[in-house]
Amino acid sequence: TVSKYLLIRIFSPADFVVIAPDDERLGKDFTTGEVINGIDGAFYSGFDNGVEFALIPDPMAGEYRVDLQGTGEGEYKLSASYIADNLAIDSEYEGSITAGELDDYQIDVNDDGISDLNPAVDSMSELIDVVWEMFARGWLTHYGNTNALISQLKGAKNEPQLIKFLDNMLAKDRL
């Protein structure tokens, strides 16, 4: 019997593919345009009927990646839900995308639920872009503090230095 589910939904001009911790895939193959389902027992609604979602029963623990490909231009909402006996945890991320643009997200799954749905960041320049996007969305509200954070990211020599700066900014309620 199934005791928990991972549900991924997209509301937008975009399609997605979910990549499980074991690299199995579920969703749209961006290269061929075909539906792929390599995750045992999972269901994918397809991408051509207006409602796009994936349901994974008894998801394995670990990091899942959700890759998006824009099918048009506009705002989107990506949603992940972990559903178990008397437990439902939701995480959402909103962004904008253009046709052909690719965005990647990650979410950690374990027996206690899921982490926040976060953009995958592979380089310092991508991290800086994410910080500016957070400022543009109003999630960071003070330009000077945002600029200071960007400067620290660009100039940080080591991780402890950056963590000390972030802890200081958080303690002073500047982020």
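Got the relative contact order for the chain handy, in percent, Cα pairs under 8 Å and 6 or more residues apart?
Working: 332 pairs, mean separation 33.5, N = 175.
About 19 percent, as a whole number.
Our note on the geometry: Cα centres of region 36-57 and region 59-111, 13 Å apart.
With contacts taken as Cα pairs under 8 Å and at least 6 residues apart, region 122-175 reaches a relative contact order of 32 percent.
Less than 5 angstrom separates the built amide H of Tyr105 from those of Val66, Asp67, Leu68, Ala120, all sequence-distant by 5 or more or on a different chain. A protection proxy built from the mean count of other Cβ atoms within 10 Å ranks the segments 50-62, 3-15, most packed first, as 3-15, 50-62.
Just the number, please: carbon plus sulfur as a percent of the accessible area of the chain, 1.4 Å probe, no ligands or DNA/RNA counted. Exposed carbon and sulfur together represent 48 percent of the surface.
Across Asn110, Asn86, Asn118, mean-square fluctuation computed from a Gaussian network of the chain (C-alpha pairs under 10 Å connected) peaks at Asn86. Relative to its Kirkwood radius, the Cα radius of gyration of the chain gives an Rg/Rh of 1.02.
Within the listed set Glu63, Glu126, Glu92, the residue fluctuating most in the Gaussian network model of the chain (springs between alpha-carbon atoms under 10 angstrom) is Glu126.
The values are calculated or read from the model by the stated rules, or taken from the named source; none is laboratory data. Quick caveat: nothing in here was measured; it's all calculated off a predicted structure. Here Cβ is always computed from backbone atoms with ideal geometry, including for glycine, and neighbour counts include all displayed protein chains. Please note that ligands, DNA and RNA were not included when accessible areas were found on the heavy atoms of the full protein model with its side chains. Shrake-Rupley method; radii C 1.70, N 1.55, O 1.52, S 1.80 Å.
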